[in-house]
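Below you'll find the structure, written out as structure tokens, and then a few comments.
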Amino acid sequence: MTKLPDDFLWGGALAAHQFEGGWNQDGKGPSVVDVMTAGANGIPRKITETIEEEQFYPNHEAIDFYHHYKEDIALFAEMGLKCLRTSIGWSRIFPKGDETEPNEAGLKFYDDVFDELLKHNIEPVITLSHFEMPLHLAREYGGFRNRKVIDFFVKFAEVVFERYKQKVKYWMTFNEINNQMETNNPLFLWTNSGVTVEKGENAKEVMYQTAHHELVASALAVSKGKEINPDFQIGAMVSHVPIYPYSSNPEDIMLAEIYMRDRYFFPDVQVRGYYPSYALNEFKREGYNVVMKEEDAEILRNGTVDYLGFSYYMSTTVKSGDPKQETAETVNGGLPHGVENPYIKASDWGWAIDPIGLRYTLNRFYDRYQIPMFIVENGFGAVDTVEEDGSIHDEERINYLRSHIDMLEKAVYEDGVDLIGYTPWGIIDIVSFTTGEMKKRYGMIHVDRDNQGNGTMKRSKKDSFYWYKQVIATNGADL
Ligand code: BGP
């Protein structure tokens with residue numbers, strides 16, 4: 001007897017810019033991630049002004065799904081995936097973003113991909129923008145700082161909703177829309193919104209103004225989608241890293257509570273349809289001038305989402321007292337008061353491994369919002385070893401996924417959470433977002449390609465491929 005509903009959406013998650021390649025094929029324009037160089041563990045990626053000839057850009061070719069899509073989808077089908085989460089490359093459809101007519105070759109590519117998925121009974125779950133804003137909108141308009149970009153995004157959404165309304169039921173608007181809350185990492189505001197903070201500007205004020213335009217864009221897209229097909233299920237998508245208090249010291253408890261507001265701000269607006277009082281109070285207290293139009297409140301109220309999608313990788317912990325000056329992006333999740341949690345271990349990239357945190361997150365979110373939940377990213381980035389005989393024994397990844405699936409099953413079966421699906425991140429090896437590396441592998445399918453773009457692109461099944469196939473075949477009973 002399984003603990004999950006029969007129609008539970010077992011799947012895998014990907015993002016156009018991290019696996020498609022074909023960055024400039026068939027009319028596609030450059031996106032904000034196409035100018036990001038490779039970094040490494042602890043070494044940030046750089047954002048170049050334009051595409052530089054000699055520079056290696058890991059997302060340009062990625063793993064070339066663009067030319068391997070039939071082979072890869074056949075492998076996903078062999079695993080028994082019920083759904084596949086990926087994104088539509090915004091700049092494949094509108095190369096510059098401000099055109100009036102879409103790029104037909106881009107639309108045709110996704111018609112072919114969705115047809116191939118549906119041929120194998122795999123449900124597409126589509127992210128409209130997964131850090132893939134056309135570079136032109138960032139450079140010429142200033143990204144979502146500029147209210148005009150709302151119209152360009154809604155136009156893009158309308159075109160793809162209309163084109164794929166018979167092929168795609170599950171959508172989400174912006175991937176990890178809340179990353180930009182972490183204003184000490186310029187990578188997030190750039191990839192979320194195509195925005196950079198200029199000298200002398202208040203980063204948080206810029207972020208909130210940008211976020212307001214993006215939240216209005218998300219709500220308008222949801223309303224437009226429901227007009228086009230009332231059966232659409234359109235979600236928000238946030239990155240969630242729960243923040244634990246370091247001790248039962250009330251100072252630590254309250255500090256964690258205050259930090260959690262940063263985690264709740266975006267889903268509060270997208271799920272409830274209005275600004276939370278703690279945010280409006282912050283604007284007033286800090287003197288942030290966030291310009292909102294008369295009609296925005298009604299737009300937000302009418303454009304609330306059907307489900308909450310979120311990524312879960314790790315938890316983080318905060319301790320009251322003097323904030324650490326150095327906020328190491330990984331160990332303490334980039335939080336000034338972040339400290340290591342003495343009860344849990346971390347991955348090679350410093351991401352704390354905490355399966356119970358997933359159950360805790362599901363309970364906190366479900367209790368707060370009372371709408372269906374969808375875990376659309378979860379995974380373990382690690383270095384894999386290809387044995388002499390070509391086999392890949394990725395036990396650590398299996399253990400990570402097994403322990404997290406066990407917890408989501410408890411959240412459904414013991415806690416009564418309404419969970420519609422689970423799509424582990426990087427079902428096939430792809431380019432890491434934060435470092436641009438291939439060696440930080442998440443996949444259950446290995447791709448022969450290294451950090452410098454060398455390799456045959458050969459696909460091979462890891463031990464986790466067979467393990468996950470059995471998990472799906474037994475609807476989560478056999479872990
Ligand atoms: C999330 C992104 C994904 C993915 C994931 C893993 O923030 O939504 O795009 O990249 O992080 O992160 P990384 O690839 O840096 O290991």
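The values are calculated or read from the model by the stated rules, or taken from the named source; none is laboratory data. A quick note: this is a predicted structure, and the numbers were derived from the prediction, not measured. Note: ideal-geometry Cβ built from the backbone for every residue, glycine included; neighbour counts use all protein chains shown.
Can we say residue 375 is buried (at least 23 other Cβ atoms within 10 Å of the Cβ) and within 11 Å of the ligand (Cβ to nearest atom)? No; evaluated as a whole, the condition is false for this residue. Out of the residues in the stretch 463-472 meeting the condition of being in contact with a Leu (Cβ under 9 Å, 6 or more places away or on another chain) and within 15 Å of residue 391 (Cβ to Cβ), tell me which one is nearest to the ligand (Cβ to nearest atom). It comes out as 464. Across the stretch 406-425, the qualifying residues are those that are touching a strand residue (DSSP E or B) at 6+ places or on another chain (Cβ under 7 Å) and of a type outside the set (A, V, I, L, M), and the one among them that is farthest from the ligand (Cβ to nearest atom) is 418.
Exactly one residue out of 417, 376, 412 is in a loop (DSSP other than H, G, I, E, B) and touching a residue at least 40 places away in the same chain (Cβ under 8 Å): that is 417.
Exactly one residue out of 104, 140 is under 24 Å from residue 21 (Cβ atoms), away from the ligand (no atom under 16 Å from the Cβ), out of contact with any Pro (no Cβ under 8 Å at 6 or more places or on another chain) and of a type in the set (Asp, Glu), and it is 104.
Go through the stretch 19-42 and give me each residue that's acidic (Asp, Glu), within 25 Å of residue 349 (Cα to Cα) and not in a loop (DSSP other than H, G, I, E, B). 34 - this is the single residue of the stretch 19-42 that is acidic (Asp, Glu), within 25 Å of residue 349 (Cα to Cα) and not in a loop (DSSP other than H, G, I, E, B).
Taking the stretch 346-356 as the range and being at pLDDT 95 or above and within 16 Å of the ligand (Cβ to nearest atom) as the test, only 354 passes. Listed conditions (1) farther than 23 Å from residue 188 by Cα; (2) in a loop (DSSP other than H, G, I, E, B); (3) within 21 Å of the chain's Cα centre (by Cα) are all met by residue 45, apart from (1). For residue 447, the conditions (1) touching an Asp or Glu at 6+ places or on another chain (Cβ under 8 Å); (2) more than 16 Å from the ligand (Cβ to nearest atom); (3) under 23 Å from residue 80 (Cα atoms); (4) of a type in the set (A, V, I, L, M, F, W, C) all hold with the exception of (2). Just one of the listed residues (475, 454) is more than 14 Å from the ligand (Cβ to nearest atom), surrounded by fewer than 22 Cβ atoms within 10 Å (Cβ to Cβ), within 19 Å of residue 57 (Cα to Cα) and not β-branched (Val, Ile, Thr), namely 454. Just so you know, in the stretch 244-262 the residues that are in a helix (DSSP H, G or I) and in contact with a strand residue (DSSP E or B) (Cβ under 7 Å, 6 or more places away or on another chain) include one that is surrounded by the fewest Cβ atoms within 10 Å (Cβ to Cβ), and it is 253. Only one of the listed residues (460, 403) is assigned to a strand (DSSP E or B) and either more than 16 Å from the ligand (Cβ to nearest atom) or aliphatic (A, V, I, L, M) (or both). That residue is 460.
Could you say whether any residue in the stretch 314-321 is at pLDDT 95 or above, surrounded by 15 or more Cβ atoms within 10 Å (Cβ to Cβ), away from the ligand (no atom under 16 Å from the Cβ) and not in a loop (DSSP other than H, G, I, E, B)? The answer is no, given that none of the residues of the stretch 314-321 is at pLDDT 95 or above, surrounded by 15 or more Cβ atoms within 10 Å (Cβ to Cβ), away from the ligand (no atom under 16 Å from the Cβ) and not in a loop (DSSP other than H, G, I, E, B). Could you tell me whether the stretch 100-109 includes any residue that is in a helix (DSSP H, G or I) and of a type in the set (Gly, Ala, Ser)? There is at least one residue in the stretch 100-109 that is in a helix (DSSP H, G or I) and of a type in the set (Gly, Ala, Ser). The condition of being surrounded by 19 or more Cβ atoms within 10 Å (Cβ to Cβ), within 16 Å of the ligand (Cβ to nearest atom) and not small (Gly, Ala, Ser) holds for only one of 93, 63, 150, 122, that being 63.
Scanning the stretch 184-208 for residues that are β-branched (Val, Ile, Thr) and either under 16 Å from residue 310 (Cβ atoms) or within 16 Å of the ligand (Cβ to nearest atom) (or both) yields a count of 1.
Among residues that are more than 16 Å from residue 191 (Cβ to Cβ), modelled with pLDDT of 95 or more and in contact with a Leu (Cβ under 6 Å, 6 or more places away or on another chain), residue 11 is included. Contact map, the stretch 52-73: first residue closer than 17 Å to residue 435 by Cβ, second residue in a helix (DSSP H, G or I) and of a type in the set (D, E, K, R), Cβ cut-off under 9 Å, separation 6 or more or different chains; pairs are 57/34; 59/34; 60/34; 63/72.
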